[in-house]
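To keep things clear, I will list the structure first and then write my remarks on it.
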Amino acid sequence: MKPQIKTEAKISKTDVVCVLLATLSTILLVTALIPPKAQESEPTLYILHTPLVPAVIRVKELARLTEDENGIDNTWALWLINAYNPLPYGYIPQLSTIGKSDLDGRVAEYAILMIMAARNDGLILSPVSAYRSVERQAENFENSFNNERYLGRSAEDAFYYTIARIAAPYTSEHNAGLAIDFNIAEETFDATAEFRWLRDNAHKFGFIMRYPEATSDITGIIYEPWHYRFVGLYHAERIYNWGITLEEYIGYSAEDDSVFNEFKEQYIA
Ligand SMILES: [Zn+2]
């Protein structure tokens, strides 16, 4: 009798292990070839070409989330940043990009909703400056100071003139990405419909006019109708209703002026 010849391939356990190992090494190789994922610190891009949407509905959703005084958008958003309260050295927020500006990522959605709501009312709110690095801040300060000196002011005059308009590095809300300058950074902005809209509606989106008229003795900054600061929905509404500044709202008084004085001494002998 002829021995039966088996033609079917016999798969041994060793073969299975080999195939598995080969597959695994291929997966590892492919994984290694895939470029690493973008780092978390890279800005999230928000495209602002969204068609007009019922922004009011979204805002109501946000409002429900933030009724709690210590709600998620409230505690960190009350961060006081002024001449006497600098940001920690090296602080850089996690940024999101809206249009051509960067913002603290936690603020971006509120800003977008506000801009869309204004657009629904036929108005264009255009952020001209939002997040600004401390290096850029230092450069702006230096340029303004030198310009005032060139125009004939004493070092002291030039310093105080500049500090009321351009905060020292680390002491600007722009360095934290929590503020937006809209449309035109000039006092004439307050004659526009966009200004009136912001004045009457910004708090519904968690923003306040940070440097109202005749408050520079409290805030240290001149009247800036274009500068809006995020403080969260809950506190924005209260600050708006009470008509006060952030300094007054959190009961702040300038006691520690050591950092400010140190900065001042770089300019005034
Ligand atoms: Zn500003």
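Read-outs: derived from the displayed coordinates by stated rules, not from any lab. Keep in mind it's a predicted model, so treat the numbers as computed, not measured. In this analysis, Cβ positions are derived from the backbone assuming ideal geometry, glycine residues included, and neighbour counts consider all displayed protein chains.
Taking amide hydrogens as placed 1.01 Å from N in the peptide plane, the amide H of Gly99 sits under 5 Å from those of Tyr46, Leu48, each at least 5 positions away in sequence or on another chain.
A cut-off under 12 angstrom between Cβ atoms defines the neighbours of Leu246, and their net charge, with Lys, Arg +1 and Asp, Glu -1, is 0.
Protection proxy ranking of 84-91, 202-209, by the mean of other Cβ atoms within 10 Å over each peptide's residues and highest first, is 202-209, 84-91.
Available extension along the chain between Arg153 and Arg196 is 11.9 nm, counting 0.36 nm per residue and deducting the alpha carbon span. Each peptide in 134-143, 183-192, 231-240 receives the mean, over its residues, of other Cβ atoms within 10 Å, and ordering these scores from highest gives 231-240, 134-143, 183-192.
The convex hull drawn around the Cα atoms of the stretch 66-165, when projected onto a plane and averaged over every direction, covers 9.1 nm². Charged neighbours of Phe145, selected by a Cβ distance under 13 Å, balance to -1 (K, R count +1; D, E count -1).
Give, as a single signed number, the net charge of other residues whose beta carbon lies under 9 Å from the beta carbon of Thr215, with Lys and Arg counted +1 and Asp and Glu -1. Before the final figure, lay out the partial values.
Values: positive: none; negative: Glu213, Asp217, Glu247, Glu248.
My count for the surroundings of Thr215 gives -4.
Please state the shape class of the stretch 161-240: rounded when a/c is under 1.5, otherwise prolate if a/b exceeds b/c and oblate if not, all from the C-alpha gyration tensor.
Values: a/c = 1.65, a/b = 1.22, b/c = 1.35.
Judged from the Cα gyration tensor, the stretch 161-240 comes out oblate (a/c at least 1.5, b/c at or above a/b).
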